[in-house]
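Comments concern the structure below.
The values are calculated or read from the model by the stated rules, or taken from the named source; none is laboratory data. Since the structure is predicted, the reported quantities are computational estimates derived from the model, not experimental observations. Don't worry about glycine lacking a Cβ; one is built from the backbone with ideal geometry, like all the others, and counts go over all protein chains shown.
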Amino acid sequence: MERTHIPSTKLATIEEDMETSSKLPLHICHVHKLSIFINRTHIFFHSIALVFLLYYRASFFFFHDTTKTKATTLAWLLVFVSEILLSFEWLLSQSFRWRPVSRIAFPERLPGDDKLPAVDVFICTADPEKEPTVGVMNTVLSAMAMDYPPDKFHVYLSDDGGAAVTLKGMREARRFAKWWLPFCRRYRIKCRAPEAYFSAKEEDADFDGSEFIQDREDIKEKYEVFKKRVREKATVGDTRSRLGRDHPAVIEVIQEASSDDAIRENETKNMPLLVYVSREKRPSHPHYFKAGALNVLLRVSGLDCDMHCHDPSSARQAMCFHLDPKISPSLALVQFPQKFHNISNNDIYDSQLRSAFSLLWQGYDGVGGPCVSGTGYYIKRLSLRSNSIHEDGDPMKLRQSFGPSNEFIKSLHQNNKPDMLIHRKNALLNEAQLLASCWFHVWVCGGRLLYCNPPRPQFLGSGTTNLDDFLVQGTRWTSGLVDVAISKFCPLIYGPMKTYTFVQSMCYAELALFPILYFLPLWCFATIPQLCLLNGIPLYPEVSNSYFIVFSFVFLSSISKHLYEVLSTGFTFRHWINEQRIWMMKSVTSHLYGSVDAFMKKIGMREASFFPTNKVDDVDQLKRYNMGVFDFQTSILFLAPMAALVILNMASFAVGISRVIFLGELDKFFIQVFIPFYVILMNYPIVEGMLIRKDRGRIPPSVTLLSAIVSLIFYFLGYIIFM
C-alpha cells in the first residue's frame, strides 16, 4: 500500500515560497451541482415514501384486525424491524451523495525539485506463498522508479512473514533497478512495474525508433534473468514465512556490496534508498497484524504488495495538495482510488469496487474527506503524531509513547536529512532495531483527508477473481468494520464530536454499520415473506390497496437510482445486475460471518486473526472468471446458506404461482410472489450451478442436497411458528 510521510517543517518553507512565486493554483475542486440536484431530489421523494411505508407497517400494531394472530404479528414485526434497519442504512448512505466533488492536480506547477519535501514509501507483505515474491518485487521496483528526486525518496518493505525469499528478492530487485530506473527515466515510461509494462498490449513510452526497441529488448532480457534468479531462490525453506513464530527484528539497508563510501553516495543520489524491515514478534505481546507492521514502519523511518505504481507522477500530484498554503496546515492525507489490472469486462464479483471509488469517495470528500482506504495514499508525518509532542516536551512521556530510541525522540522535533543513513548507518540501524520491537502502541492521526481520482490510475493492484477469495476477503473486511461499530469509537457516538461535519460522521457510521444493517434485513426478506407465502399469510398490501403504490415506488426508486449511478459512472446494465447479485450474496454470507466474528472477538470467545488475500491465480478459475462464469469452489459455509435460500425461494415461488393460478390470489400475494421471483432472477447463477452445470466450478451435489435439507428445516420451522 502506498503510504508516504512528508516532513512538516519542510512544507512550511515551501508554502511561503509558493505564495510569492506563483499565483496559479496547484489544484482545483469541482462541485458536481447536477448530481447534487438529482441526489437531493431523490432523497426528498424517497424519504416521503419511506415515511408512508413505515406508517403502514406501524398501523398494523395499533389498529384492531380480526385476522391478527400471534403468528402474523411476529411475522409483521420481523419485517417491520427489517424495513426500519434498511431505511436507516439508506438514510446513512445518502450522506455520500449530499455533496460530491472531484479534484484535479497540476504537478507541472510545482516548485523545483530542490524545494520538494522528502517522501517515504511503505510496502507491506506477509506471506510469499499467497503473495508471490516476483509480484512483490514489481511493486518495489515501480515505487523506486517514481518521478521524484531520488535523494528525497525512500522505499521500505515490511515483511511481516519474515521469509528469507523476500529479503533475497529485495537484493535482486536492487541489482535490477540499476538498469530499470535509467530506462524508465530516459524514455519516460509511464507504467513502471516491469511485469505490467512488458505485458501491456500498447507501448506507453514517448519514444520510438531502433535505439528504443533495442534498449527495450535488452532490459526485457535482464528482467527475465531477474525473475529466474528470484524464483531459484524460492526454496522450500525460503518461502516458509514466520507469521506464527517468534523472531527478532531484522532490518537491512539494501545496497551494492562495496567498501567505497563514495560509490555508495553516488548511487544514493541516482537511486532511492531501499530498506527491508521484518519486525520483532513475541507471543507475550499483541502484533496488531497489518496495523502493527505499519506502526513499526512509522517509527523506523505505503502500497499493498500487489498494488504497483501505474503513474510515476503520483507523488507530485499529491504534493499539489500538501504544498498548497491554503489547505496544507489542516491537511493530513491525500487518498487515491484502488484500481485493478485484472478485472474482466463482466466483473461478476464486483472486484473493482465501483461504488466506493467511482461514487462514494467523491461524496465523502465533499463533506469533509474520506477515510483511509488502506492503500494508495500520501500522508503528512505531522498527522501521525499527537499535538502533545509540541505542547509537552517531557522526554519520559515521549519515550512512553514512542519507545526508547533517543534518536527517534529527537527526530520528532526536526527535519532529518535524507542521507542520514549513509553517514550514520551503524548507529541508526541499532536505533531502528529498538523501534522495530513490539512493545509500543499505535500512533495518533489527525487532520483533513482529500480524495483525488485522476483519469490515469495512479496505482494498479490485483482484484479477486474467484468467489472463495472474494467472500473470505469480504468477511475479513466486515469483521474489521464491525469491530469499529461496537467499540468506543462507534461513529454514531464518537463521530459527531470528532468529524468536520455531521454529514461526514454519517459517512463513517454507514461504513461501520452497513454489514449489520444489511445481513439482518436480507436474511429476513429471504425467508419470512416466503415462509408466510407457503402458509398463506399476507404481509404486504393488495394490488388494489393505495399503499401498494408506496411499496412499488420504494422498490423502483431504489433500483432505478442504483442503475442511474452505475450508468453515470461509465458502466453497463450488466454491471448493475452483477452488483445487485453480489450485494445479496455478501449480505447473507460475508456480512453475517464477519459480524459474528467481530462480536465473538468483543466478548473474548476468539482471538483476532489475519489471512492475506491470495494473489496466486488458478488457471481454470481465472478462465471461468474471464468468461463470466461463477466458480463455486468455496467453503460449504458460504455455499450452503446461498443455495438453501435460493431453494426456499424457488419453492415459495412455485407455491405462489399455484395460489395465483388455482386460487386467484394474485391481488393478495403479488408482492410476496414477486420477491422470490426477483431473488431467483438475480441469483440465477446459483440455480445454474446446482441444476445445470457439470464442470468443476459447479455447486457439488452434496452441497445441493444439504442445502435442500436446510430449506426443509426452514419450512418446518416456519410451519410450526406461523401456523
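Observations, loosely collected:
- Residues of the stretch 136-194 classified as over 22 Å from Cys124 (Cβ atoms), of a type in the set (Val, Ile, Thr) and touching a strand residue (DSSP E or B) at 6+ places or on another chain (Cβ under 9 Å), total: 0
- Close contacts from the stretch 311-331, counting a first residue that is closer than 24 Å to Asn138 by Cα and a second that is small (Gly, Ala, Ser) and outside any helix (DSSP H, G or I), with Cβ to Cβ under 7 Å and a gap of 6+ residues or different chains, come to Pro312/Ala145; Gln317/Ala105.
- Summed over the stretch 493-510, residues that are more than 22 Å from the chain's Cα centre (by Cα), under 21 Å from Ala356 (Cα atoms) and of a type in the set (A, V, I, L, M, F, W, C) total 1.
This table checks each residue for (1) part of a helix (DSSP H, G or I); (2) not small (Gly, Ala, Ser).
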residue: Asp620; (1), (2): yes, yes
residue: Phe630; (1), (2): no, yes
residue: Asn649; (1), (2): yes, yes
residue: Gly656; (1), (2): yes, no
residue: Val660; (1), (2): yes, yes
residue: Gly689; (1), (2): yes, no
residue: Asp695; (1), (2): no, yes
residue: Ser707; (1), (2): yes, no
residue: Tyr719; (1), (2): yes, yes
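- Hey, Pro491 buried (at least 22 other Cβ atoms within 10 Å of the Cβ), closer than 30 Å to Lys602 by Cα and modelled with pLDDT under 95 or not: yes
- Count - residues of the stretch 544-572 that are outside any helix (DSSP H, G or I) and within 30 Å of Ile38 (Cβ to Cβ): 5
- Given (1) out of contact with any Asp or Glu (no Cβ under 7 Å at 6 or more places or on another chain); (2) at pLDDT below 95; (3) buried (at least 16 other Cβ atoms within 10 Å of the Cβ); (4) not in a helix (DSSP H, G or I), index of the condition Arg99 fails: (2)
- Test: residue in the stretch 649-657 that is of a type in the set (Val, Ile, Thr), at pLDDT 95 or above and surrounded by fewer than 16 Cβ atoms within 10 Å (Cβ to Cβ): yes
- Flag for Tyr500 being over 16 Å from Leu85 (Cβ atoms) and outside any helix (DSSP H, G or I): yes
- Residues that are assigned to a helix (DSSP H, G or I) and touching a Lys or Arg at 6+ places or on another chain (Cβ under 6 Å) within the stretch 145-155 comprise just one, Asp151.
- Number of the condition not met by Ile189 [criteria: (1) under 17 Å from Tyr223 (Cβ atoms); (2) aliphatic (A, V, I, L, M); (3) not in a loop (DSSP other than H, G, I, E, B)]: (3)
- When residues of the stretch 515-543 are limited to those that are in a loop (DSSP other than H, G, I, E, B) and of a type in the set (S, T, N, Q), the one nearest to Ala644 (Cα to Cα): Thr527
- Residue in the stretch 175-184 that is crowded, with 21+ Cβ neighbours inside 10 Å, in a loop (DSSP other than H, G, I, E, B), modelled with pLDDT of 90 or more and of a type outside the set (Asp, Glu) present: no
- Considering (1) under 30 Å from Arg188 (Cα atoms); (2) in a loop (DSSP other than H, G, I, E, B), the lone condition that Lys130 does not fulfil carries the number (1).
- Only one of Ile675, Ile709 that is closer than 30 Å to Ser479 by Cα and within 32 Å of the chain's Cα centre (by Cα): Ile675
- Within the stretch 331-378, the set of residues being closer than 22 Å to Phe571 by Cβ, crowded, with 23+ Cβ neighbours inside 10 Å and among the hydrophobic types (A, V, I, L, M, F, W, C) comprises Phe336, Ile348, Leu360, Trp361.
- Counting only helices (runs of 4 or more DSSP H) that sit completely within the stretch 320-427, those holding 1 or more residues that are at pLDDT 90 or above correspond to 361-366.
- Looking only at the stretch 699-723, and only at residues there that are modelled with pLDDT of 95 or more and not aliphatic (A, V, I, L, M), the one that is surrounded by the most Cβ atoms within 10 Å (Cβ to Cβ): Ser707
- Meets criteria (in contact with a Phe, Trp or Tyr (Cβ under 7 Å, 6 or more places away or on another chain), farther than 23 Å from Phe551 by Cβ and among the aliphatic types (A, V, I, L, M)) for Ile699: yes
- Restricting the stretch 44-96 to residues that are acidic (Asp, Glu) and in a helix (DSSP H, G or I) leaves a set whose member that is farthest from Thr527 (Cα to Cα) is Glu89.
- Scan the stretch 350-383 for residues that are under 25 Å from Pro117 (Cβ atoms) and basic (Lys, Arg) and the total you get is 2.
- Residue match in the stretch 217-229 (condition: aromatic (Phe, Trp, Tyr), under 30 Å from Lys130 (Cβ atoms) and at pLDDT 90 or above): yes
- The one condition in (1) over 29 Å from Leu450 (Cβ atoms); (2) surrounded by 13 or more Cβ atoms within 10 Å (Cβ to Cβ) that Tyr55 fails to fulfil: (2)
- Conditions (1) in contact with a Lys or Arg (Cβ under 9 Å, 6 or more places away or on another chain); (2) part of a helix (DSSP H, G or I); (3) farther than 26 Å from Leu450 by Cβ; number of the one not met by Ser142: (3)
- Top-ranked residue in the stretch 125-163 [being out of contact with any Pro (no Cβ under 9 Å at 6 or more places or on another chain) and of a type in the set (Gly, Ala, Ser); ranked as farthest from Met319 (Cα to Cα)]: Gly162
- Scanning the stretch 243-258 for residues that are at pLDDT 60 or above, surrounded by 13 or more Cβ atoms within 10 Å (Cβ to Cβ), out of contact with any Asp or Glu (no Cβ under 6 Å at 6 or more places or on another chain) and part of a loop (DSSP other than H, G, I, E, B) gives Gln255, Glu256.
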